[in-house]
Structures are given as structure tokens and as C-alpha cells.
1. Using DSSP, restrict attention to beta bridges with both residues in the protein assembly as shown and report what percent are antiparallel, rounded to the nearest 5.
2. Any idea what the A:D103 label distances to the other copies are, label 7 Å down the Cα→Cβ vector, nm, shortest first?
3. If you count, for every residue in A:98-106, the Cβ atoms of partner chains within 10 Å of its Cβ, what is the mean?
4. Using Cα pairs under 8 angstrom and six or more residues apart, how large is the relative contact order of region B:169-217, in percent?
5. Which three lengths, in whole Å and largest first, does region A:107-265 cover when its Cα atoms are put on their principal axes?
6. Of the DSSP beta bridges with both residues in chain B, give the percent that are antiparallel, rounding to the nearest 5.
7. For B:40-48, what's the mean count of beta carbons from other chains sitting within 10 Å of each residue's beta carbon?
8. Roughly how many debye, to the nearest 20, is the charge dipole of the protein assembly as shown about its Cα centre, given +1 on each Lys and Arg Cβ, -1 on each Asp and Glu Cβ, and no other charges?
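Throughout, read-outs are computed from the coordinates displayed, never taken from laboratory work. Fair warning: this is a prediction, and the values are worked out from it, not measured in the lab. Here the Cβ positions follow ideal geometry from the backbone for every residue, glycine too, while neighbour counts run over all protein chains shown.
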Protein chains: 2
Amino acid sequence: MSVTIKDIAKETGFSVATVSRVLSDKTGFFSQQTAAIINETAAKLGYKKNMAATELVTQKSNVVAVIVNSTKTNFSDQIINGIQKKADEAEKRVIILYAGDRDERSQRIALSTALERPILGILLLSVDLFPSNLAILTSSNIPFYFISISFKDNMLNYIASDDQEIGYQATNYLISQGHKNIGIAGLNIENSAHTGALRFKGYQKALREAGIVFKSDWLQTGDYSYESGVTALQNYYLKKDITAVIAASDLVGIGILNECNRLKINVPAELSILTTDGTSLCELVRPQLSSITQDFYRMGYLGTTYLINNTQNNAYTNIAISQRQSVKSLNKIEH
Amino acid sequence: MSVTIKDIAKETGFSVATVSRVLSDKTGFFSQQTAAIINETAAKLGYKKNMAATELVTQKSNVVAVIVNSTKTNFSDQIINGIQKKADEAEKRVIILYAGDRDERSQRIALSTALERPILGILLLSVDLFPSNLAILTSSNIPFYFISISFKDNMLNYIASDDQEIGYQATNYLISQGHKNIGIAGLNIENSAHTGALRFKGYQKALREAGIVFKSDWLQTGDYSYESGVTALQNYYLKKDITAVIAASDLVGIGILNECNRLKINVPAELSILTTDGTSLCELVRPQLSSITQDFYRMGYLGTTYLINNTQNNAYTNIAISQRQSVKSLNKIEH
């Protein structure tokens with residue numbers, strides 16, 4: 001027979017209410033010592049709270065489900081830290097589910113693992129769902145937000161950086177440092193998430209405003225990977241035309257940097273690299289990479305806040321999070 | 001009123017059994033097209049499988065709970081990929097919970113989030129539990145395995161590399177390359193997990209067998225962090241005594257490398273660095289770092305296998321996973 005809160009109250013001498021508060025991780029109405037005694041007794045007796053049963057009865061869950069890609073981006077941990085922080089403040093719990101690497105079946109398993117349980121909502125981190133899985137999600141009536149990914153049609157809730165602003169800000173910064181021939185590398189300008197297309201738009205806008213005529217080979221598309229950076233630099237190297245490049249991710253930036261190292265191109269003297277993301281990877285390599293640093297922590301924190309507060313609100317919410325420049329090693333060109 | 005499998009069977013014309021198989025992600029008894037129709041209909045009708053209810057009735061869960069530190073090691077993803085692979089093969093689901101960064105309360109929240117729900121067992125990834133939390137875990141009667149962490153008393157189930165062998169193998173390899181003055185840096189030889197103590201033991205054994213007298217300043221302890229590597233190199237630099245160093249983690253190795261870069265010490269000509277872990281970080285830096293490469297994927301895969309197969313078996317299981325050398329940039333000393 002399973003141990004109940006009453007058994008623990010009886011064993012310790014505390015009230016059922018106090019035992020319940022301690023075991024629910026509530027704070028403020030009992031001493032540390034009381035908590036210690038109750039927790040020790042609960043452990044000794046083998047007490048196990050059956051939250052699933054409670055949730056089924058009340059139909060109110062305190063769980064936020066987070067879906068991430070299996071091959072995670074290096075910024076996922078920052079987003080998750082923001083999610084955990086807000087969830088902790090609001091006394092909610094977080095479960096994380098891996099959705100494979102652009103694999104339809106894995107996505108569906110992650111989604112169904114979330115939807116088959118009592119949850120208050122779902123956060124999807126940079127997960128570009130297949131249409132079949134998006135249909136399952138949208139028909140579930142469970143609140144959800146996409147984080148760090150945006151969509152063309154604006155019919156889905158998402159919280160991401162303003163990608164056009166990222167492209168614009170990065171390009172303007174390089175122009176302010178005297179660069180005129182500026183590459184943009186490693187981004188996908190065609191997929192359903194329009195991150196890359198928006199960044200390219202911001203880049204073109206900044207060039208246009210500065211009276212710089214864009215050359216088509218300045219754009220080297222890719223998939224935000226290390227390899228995209230390597231390939232982009234090889235293509236740039238053939239023309240020897242650019243003095244600075246905007247990398248679509250930290251990994252693209254490091255791919256470019258390492259290929260420069262192999263080809264004896266001095267960074268930043270011969271080529272300045274400005275990456276997008278600004279995770280700790282920028283500080284591990286030498287020279288350290290400058291970046292347009294996105295506020296991933298805030299995306300996670302805010303997404304969780306909206307999920308918790310707006311569970312009945314069906315209005316589409318698209319939030320743009322601002323970013324900052326982290327300048328470490330860029331070459332300034334004097335004209 | 002909620003939509004049932006029967007409703008979907010009625011709507012699509014398929015049998016309840018077929019609908020059930022499709023919606024449970026079973027394979028082999030229906031065509032892709034059947035699956036598509038059933039899934040579309042389920043999505044259209046807003047079908048939501050209530051697995052928690054099913055699990056409460058049957059008392060059999062198909063969920064593996066994985067607990068990780070919030071400040072994750074860079075090898076956690078490899079372990080989780082191994083876990084996901086095995087879980088997928090066995091038709092189990094995986095939920096991941098963050099346990100803070102050596103924080104007692106966060107650990108307890110992660111543990112209770114797992115234990116309050118129907119799960120078949122828990123895997124703890126490099127999580128060094130506080131005694132109070134370990135008591136909760138061991139008294140829960142839920143099967144568990146620790147992964148990539150080992151314990152002195154051998155009274156807990158764990159699956160990890162053979163850390164003494166790692167220290168022995170690393171040292172022997174450097175000796176075989178002509179090194180005699182070999183540092184070991186960034187490891188903790190005192191905490192309850194005895195990873196560092198075992199590696200140091202293997203290191204000492206290899207030195208002894210080669211007739212090399214250990215000098216106390218060759219050991220630079222730390223906490224497996226980047227900063228530990230930086231500090232270790234600064235201490236080595238004062239003596240200028242060693243020609244090679246074994247780093248306790250990839251991050252320790254990169255800390256040493258970057259501090260060498262700052263102090264104009266040529267790697268590997270003046271100092272060979274052999275790191276422990278062997279994650280992709282070793283390939284991002286220049287020069288690339290050689291490593292004793294641990295098989296983290298296999299740890300996750302095997303841990304999940306044991307959890308699924310041995311849920312009734314209370315014998316302590318401690319498995320050592322072998323590792324391999326990945327040599328990229330080491331200096332050979334000719335005598």
C-alpha cells in the first residue's frame with residue numbers, strides 16, 4: 001500500500017497541511033529543520049507523490065513541455081536556462097523532449113509524448129515542424145510558442161530575434177568600420193522559416209543605404225553549419241574580393257576562421273568575421289570572434305511567461321528580442 | 001467530449017485495432033497511406049491520446065526519465081543520442097529534466113518531477129546528487145543508472161569509462177612518444193565521484209612502470225573547466241618543466257591551448273596537449289586537440305538497455321566502457 005501525506009504527518013507529528021507544503025516545494029511557512037525532517041521521513045517511508053493522478057483529476061497541469069532538435073544548436077542551453085528560470089519562479093515544472101534532426105517520425109514521437117500527458121503548453125526551440133506534425137500541434141488545442149524561429153505567414157506564435165534587424169545591424173556596423181565589400185555566408189534564404197531571407201533583406205537594405213552595389217557572389221548560402229562556413233570561404237577565396245563577412249551562426253564563423261587558418265589568410269587583418277549568435281564558442285577560438293549576440297536566455301524566459309500567462313489567449317503573438325554587438329577582433333579600414 | 005480511437009475508426013472506416021496501431025507508432029501492419037489517412041483524421045478530429053490515464057491503469061510506463069545538469073557538459077548530447085536510439089528501438093519514450101548546477105533544490109525538483117509521474121526508470125547523466133536527494137532516489141524503488149560518473153562505494157549502478165584506464169592509457173601514450181615530464185591538469189581528486197582520483201592513479205601507475213619519478217607540481221587540480229586549464233598552464237609556465245600535459249576534459253585542454261597562445265608557447269612543438277573526452281570541440285580549435293575519446297553514445301545506449309531489461313534486478317551493475325585514442329597534434333620527442 002502506498003505511503004500518503006497523512007502517514008508522514010502521523011510519523012513526524014506535523015500537520016497534513018505542513019507536510020503537503022514541504023513536499024510540494026512551497027516556501028515560507030516552515031523552518032529548514034521542519035523541511036529536513038519531513039523530507040527525511042518521506043524518503044524513509046518511500047513516499048511517492050502521484051502527480052499524474054492529481055493532474056488527471058484537476059485537469060490542470062504545471063508542466064511546460066519543451067521540444068528541441070536532437071542535433072542541438074549551441075544556443076539551446078541558453079534558451080532552456082531562461083525557460084527553467086521562469087518556470088521555477090512560477091512553480092512550474094519543465095520536461096524536455098528531443099525531436100530528432102529534421103525527421104518527421106521523431107518529431108511526431110516528441111509531439112505525442114508531450115500531448116499524451118497533462119501539460120500546460122509546449123515550447124518548440126528552433127524546431128521546423130513537418131506540415132503533418134504542425135497539423136497535429138495546431139489541432140491539439142494546447143497552447144504553444146515557437147522560440148528562435150520565425151515564419152512567413154505570421155499565423156504561428158513565435159518569439160525570436162528580429163532577423164532583418166540582425167542583418168541590417170551587422171552590415172551597418174561593418175560599413176561603419178570602413179568595409180565596402182562585405183560577404184554574407186551560411187544562411188538558407190529559401191526554407192519555410194524565413195530567418196535567412198530576413199537577414200539577407202536587412203543586409204541588402206544597409207548596403208543600399210550606403211550606396212554599395214551588391215555583387216551576387218557576396219551571398220554564399222548554406223545551412224548554418226560549420227561546413228557551410230568552410231565552403232563559403234573557399235568560394236570567397238577564388239575572387240579575393242571581400243574584406244569582411246557576416247557569418248549566419250557561430251559555427252559558420254568558426255568554419256570560415258579555420259579555413260582562413262588553413263589558407264594562411266590573416267583574421268582579422270585580411271578578413272574580418274562577424275558572426276551571428278554570440279555563444280561561448282566565440283570565446284573558445286583564437287582570435288575570438290566578434291558577433292551580433294542574440295538574447296537566447298530572454299527568448300526562453302519570455303516564451304515561458306507568455307505560455308503561463310496567456311493560455312486562453314489565441315491571438316498570435318510574435319515578439320522580437322533585441323540583440324547587441326560583441327566586438328572582439330574586427331579590422332577597421334581607413335579610407 | 002474527447003475524441004476516441006473508435007471515433008477515428010468510424011470516420012476513416014479502418015478497424016479500431018489498425019487505428020490503435022497507427023496512433024501508437026507501431027509498424028508493419030498498415031500502409032503509409034493508411035497511416036496518413038488515420039493521422040490526418042486524428043488531427044482533424046482533435047484526437048489526444050491520454051497516456052497518463054492508460055499508464056495509471058496498467059501501472060506500466062514506457063517512459064525513461066533522464067536527469068542532466070543545467071550547465072551541461074559538452075558530451076551530454078552524445079549520451080542522450082544513445083539513449084534516444086535505444087529507447088526508439090524498444091518503443092519507449094524519453095523525457096529530459098534539468099537538475100541545476102550542483103544545486104540541491106533544483107536536483108530535488110528534477111527528481112520529484114520524474115518520480116511523481118509513471119516512469120520505467122531514471123538515468124542520471126554526470127549528476128552528483130546531494131545525499132538528501134540520493135536518499136529520495138534510492139528509497140523510491142524506481143530503477144536507475146548513473147551515466148558517465150562513478151562512485152567509490154560501488155553501491156550504486158553506474159555506466160562510465162574506466163577512469164583509471166584513461167589515466168594509464170593517456171600517460172603510456174605520451175611516454176611512448178618520448179615524453180618524460182608529463183603534467184595532469186584540471187581534475188578533482190577529492191570529491192565523492194572518484195573519476196579524478198582514478199585517473200590520477202592510472203597516471204601514477206604508468207609513470208612508475210616507466211621508471212619516471214612523479215613531481216608534485218605536475219598535478220594541477222581543478223574542476224574540469226576551461227578556467228582550470230588556464231590556471232594550470234600558468235602554474236606550469238612558472239617551472240617550464242613539462243613537455244606534455246593530460247587535460248581532464250576538452251574544455252581544460254582548450255583553456256591550456258588558449259593560454260599557450262597568449263604566452264606564445266607553441267603547441268605542440270613546446271607543449272603537447274592530450275585531452276580527455278574527445279568531443280567535437282577538439283576539432284573546432286587550432287591546432288586540433290588529440291584526445292582519449294570516450295564512447296559517450298555507447299554509455300547512453302547501454303544504460304537505457306539495462307534500464308529496460310533489468311527493471312526487477314537489484315544487483316549492482318557497474319560497466320566500464322572502453323575508449324580510443326584520437327591523435328591529431330602531438331609532438332614526438334626523440335631521445
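1. Working: 9 of 81 bridges.
So the antiparallel bridges amount to about 10 percent of the total.
2. Reported distances to equivalent positions: 3.2 nm.
3. Values: counts 10, 1, 2, 1, 0, 0, 0, 3, 2.
Per residue, the average neighbour count from other chains is 2.
4. Values: 28 pairs, mean separation 17.6, N = 49.
Answer for region B:169-217 is 36 percent.
5. Ordered largest first, region A:107-265 gives principal extents of 56, 35, 21 Å.
6. Numbers: 4 of 40 bridges.
Percentage antiparallel, nearest 5: 10.
7. Working: counts 4, 0, 3, 9, 2, 1, 4, 4, 9.
Averaged over the peptide's residues, the number is 4.
8. Numbers: 66 positive and 62 negative charges, 77 e Å.
Dipole about the Cα centre, nearest 20: 380 debye.
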